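Contents: one structure, followed by commentary.
The values are calculated or read from the model by the stated rules, or taken from the named source; none is laboratory data. Bear in mind that the values here come from a model prediction, so they are computed numbers and not experimental data. With ideal geometry, Cβ positions are generated from the backbone for all residues, glycine too; neighbour counts draw on all protein chains shown. For accessibility, only protein heavy atoms count, side chains too; no ligands or nucleic acids. Shrake-Rupley method; radii C 1.70, N 1.55, O 1.52, S 1.80 Å.
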Amino acid sequence: MDYLESLNDPQREGVINTEGPCMVIAGAGSGKTRVLTYRIAHLIQAKGIDPFNILALTFTNKASAEMRSRIERMVGIEAKNLWMGTFHSVFAKILRYEADRLGYPSNFSIYDTEDSKTLIRQIVKELQLDDKVYKPNLVLNRISGAKNRLVSWQEYINNPIYQADDESAMKPHMGKLYKMYCERCFRASAMDFDDLLFNTNVLFRDNPDILNKYQHRFKYVLVDEFQDTNLSQYLITKRLSAVNQNVCVVGDDAQSIYAFRGADIKNILNFEKDYPDLKVIKLEQNYRSTKVIVNAANSVINNNTAQLKKDIWTANEEGDLIELLKANSDNEEGKLVANSIFEEKLNHQIRNQEIAVLYRTNSQSRAIEEALRRANIKYKIVGGLSFYQRKEIKDILSYLRFVINQNDEQALRRIINLPKRGIGPGSVDKMIVAANDHGVTLWEVVSTIFQFIPGRITNAIDQFATMIKSFMIEVQKKDAYEAASYITKQSGLLRELYEDKTIEGLSRYENVQELLNAIKEFVDSEENTDKSLGAFLQEVALLTSVDEDKDEDNDKVTLMTIHMAKGLEFKIVYLVGMEEDLFPSQMMLTSRADLEEERRLFYVAITRAERKLFLTYATSRYRFGRLKSCEPSRFLEEVDSKYIKVNRKFQKEPILPPQTSHYAKSLVSSVNRTAPKQNTINYTHTPSDDFKASDTSGLTHGMKVEHPKFGFGNVVSVDIEGANRKAKVLFDNFGEKTLLLSFAKLKIHT
């Protein structure tokens, strides 16, 4: 068992303690995959357990394939007999074996998202409901949420709370849609992805003999990323391991960031309540990051109240301080990031693929992409299309292109039935034939449709042509931003996106707003003398005409959302957009639970970095076509200031908080050491009526000061060494904090 020699003590404990319930709390970079892999290999090699009796559940096929490959290298071909895979793949297999118990044939179909949406559209049409109210995304998300909570359509219809919710949302027929959707899926012998888990629970609940069979087959149950499980997955795990009690869950509550997908952090926080004799093993040594990064991450996550306490540490080098970059705008933020990446590559021989730029929302990629292109730095988008390749962006650009150039047939074909106006592919084909027969352009046929094609559809086509002609007139009178805003609104595309309140719909709406922001920046730039829409489209065309990588070069900077970055690591990480209402998101400020999830997301972002971390923010950002002032994120306050340095290298002016902020954002160091924790939660300071920041150049020990957020306190000490002057202040209600004086607004009281 040489493999045990390569493990540290807690890791070894997680491998060899195979009997009874076990929870491995695995901090970021602590080697959790190794522990899971070795534990399964240990069960087979040292314990002699038949691989057919081991069930290992993961969240991605990639993770499953990687673990199986590692195990196979350790134990040989026997690893192929493991029951290992994602929740959906494993239980789809079981459902095929036992399908007759649920009234399904064994060869039932599995609907993907598009299949489900198509079916919902058909049902909405049959019921003669408004498809703008009952949009497929919205209906499917509602049904999915119910299934993940194990709420059947029967329970949904008979539950007055759900009915009241739907009534208040002006969607009273949601229950009927859920019922018909389930009935139609059943009639078609089909299950969607949520059904695979929902029906597994039903199978085990209603068939004790089937449950008993699999309880005795799976003598050992292991679950990876347990913090990401929903109620349905948790109950399956609990039921299967009820007989042997040999259940091992591995996860990190500090990395639970998928509540919007139904994940319930209470599954890991309350696991011990279901298993009083639970053995808890904590993997606290981080092998990935420097001391600075690990300790900074700890200082952030310690602000969460709902967590399993652990002390993450590392024996790695101290490392560079986290660098804070301030930009005057999101466009400048992109330039700062590109300049910094260029310098890091030049000075430290870092490859592109060792660098990542992370952001909270996909729409933020636009400014970063443009700056990297201009700096000739190759990049790739992970988990999403390049900004200008996203459907909603291409839709808008197609409208703009066609208004400028009516010979652009591809643009016309894309927009003629967008939003839907009843002009189907058959009608378009007829117009194309007419254009070819008469030797004219497609637009000439469209704009004089009554001369070419008779029938009812001609009215819709004529209305479309009239709209385009009005756009052509407006473009002559307006600059690029005014014209684009007018076209986006009058075409109906913006309204359609705005009315879609799903996560995907909100993201698409944000992306369109970001496009309009880009056009506004183009118009506002003094460098651009031609402010017309045609000039902007020309710039975009040049910006996005990137040659294909013929050499399959993978050396590219990675751009992705923080959610997509989970489980990955990079030598250098840039975390951009550290501003209030962006990160934390404005949508996540309505409850403590939401805010704590945002903080965990910040923790995940920090811990992706191995050697160096940059945090950036802008004091102004284009939102909805207007330049708005921004406040630095509250999360910056929570990073211990001794791990941060303000980088002025690329700055043209001193770093100061925006004057329009409601209160200055300070960088604070330590977790509260003096005041009771409940005070920091309940106490809110209201600044004095005459509050005005004082000159702190003469700040000394013993002075009484007031901070707009932390209230009154006394100066403990002042550190004047180096560029970043700091002061330790003991606040009455928040304990001792270390503040960067270049950031903090303090009023000295005499």
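Would you be able to tell me the number of residues in segment 279-319 that are touching a Pro at 6+ places or on another chain (Cβ under 8 Å) and either among the acidic types (D, E) or farther than 18 Å from E225 by Cβ (or both)?
Residues in segment 279-319 being touching a Pro at 6+ places or on another chain (Cβ under 8 Å) and either among the acidic types (D, E) or farther than 18 Å from E225 by Cβ (or both): 3 in total.
Could you check, for segment 285-300, whether at least one of its residues is in a helix (DSSP H, G or I) and over 30 Å from L7 (Cβ atoms)?
no
Restricting attention to segment 76-98, report how many residues are open to solvent by less than 30 Å² (accessible area, probe 1.4 Å), over 35 Å from the mean Cα position of the chain (by Cα) and either over 19 Å from C185 (Cα atoms) or modelled with pLDDT under 90 (or both).
So the count comes out to 1.
Where the second residue is of a type in the set (D, E) and in a helix (DSSP H, G or I) and the first is buried (at least 19 other Cβ atoms within 10 Å of the Cβ) and lies in segment 497-513, which pairs have Cβ atoms under 7 Å and are six or more apart or on separate chains?
L497/E392; R508/E392; N511/E392; V512/E392
Would you point out the residue of segment 588-641, among those that are under 29 Å from F522 (Cα atoms) and hydrophobic (A, V, I, L, M, F, W, C), that is farthest from the chain's Cα centre (by Cα)?
In the first step, residues of segment 588-641 are kept if they are under 29 Å from F522 (Cα atoms); the result is 614-633.
The next check asks that each one be hydrophobic (A, V, I, L, M, F, W, C); those that pass are 614-615, 618, 624, 627, 630.
Values: F614: 19, L615: 18, A618: 20, F624: 21, L627: 25, C630: 21 Å.
Among residues in segment 588-641 that are under 29 Å from F522 (Cα atoms) and hydrophobic (A, V, I, L, M, F, W, C), the one farthest from the chain's Cα centre (by Cα) is L627.
Can you name the condition, by its number, that W153 falls short on among (1) over 31 Å from the mean Cα position of the chain (by Cα); (2) open to solvent by 20 Å² or more (accessible area, probe 1.4 Å); (3) at pLDDT 90 or above?
Answer for W153: the failing condition is (1).
What residue, among those in segment 37-66 that are open to solvent by less than 20 Å² (accessible area, probe 1.4 Å), part of a helix (DSSP H, G or I) and in contact (Cβ under 8 Å) with a residue 40 or more places away in the chain, is farthest from Q233 (Cα to Cα)?
H42
Filter segment 482-496 down to the residues that are within 31 Å of the chain's Cα centre (by Cα), open to solvent by less than 40 Å² (accessible area, probe 1.4 Å) and not polar (S, T, N, Q) and list them by number.
Hits for segment 482-496 are A484, I487, G492, L493, L494.
Quick one: would you say D555 is modelled with pLDDT under 95, open to solvent by less than 60 Å² (accessible area, probe 1.4 Å) and under 30 Å from T290 (Cα atoms)?
For D555, the condition - modelled with pLDDT under 95, open to solvent by less than 60 Å² (accessible area, probe 1.4 Å) and under 30 Å from T290 (Cα atoms) - is met.
Against the conditions (1) open to solvent by 70 Å² or more (accessible area, probe 1.4 Å); (2) without any contact (Cβ under 8 Å) to a residue 60 or more places away in the chain, where does R217 fall short? Just the number, please.
The one condition R217 does not meet is (2).
Could you go through segment 347-365 and let me know if any residue there is open to solvent by less than 10 Å² (accessible area, probe 1.4 Å), modelled with pLDDT of 85 or more, under 30 Å from R611 (Cα atoms) and among the acidic types (D, E).
Scanning segment 347-365 turns up no residue that is open to solvent by less than 10 Å² (accessible area, probe 1.4 Å), modelled with pLDDT of 85 or more, under 30 Å from R611 (Cα atoms) and among the acidic types (D, E).
Please go through (1) buried (at least 20 other Cβ atoms within 10 Å of the Cβ); (2) over 22 Å from N647 (Cβ atoms); (3) modelled with pLDDT of 90 or more for R373 and return the number of the only condition it doesn't satisfy.
Condition (1) is where R373 drops out.
So which of L325, L321, L336 is more than 25 Å from the chain's Cα centre (by Cα) and of a type in the set (A, V, I, L, M, F, W, C)?
On inspection, the qualifying residue turns out to be L321.
Of everything in segment 118-154, what is farther than 19 Å from M170 by Cβ, polar (S, T, N, Q) and outside any loop (DSSP other than H, G, I, E, B)? Give them in sequence order.
Answer for segment 118-154, where residues must be farther than 19 Å from M170 by Cβ, polar (S, T, N, Q) and outside any loop (DSSP other than H, G, I, E, B): T118, Q122, S144, N148, Q154.
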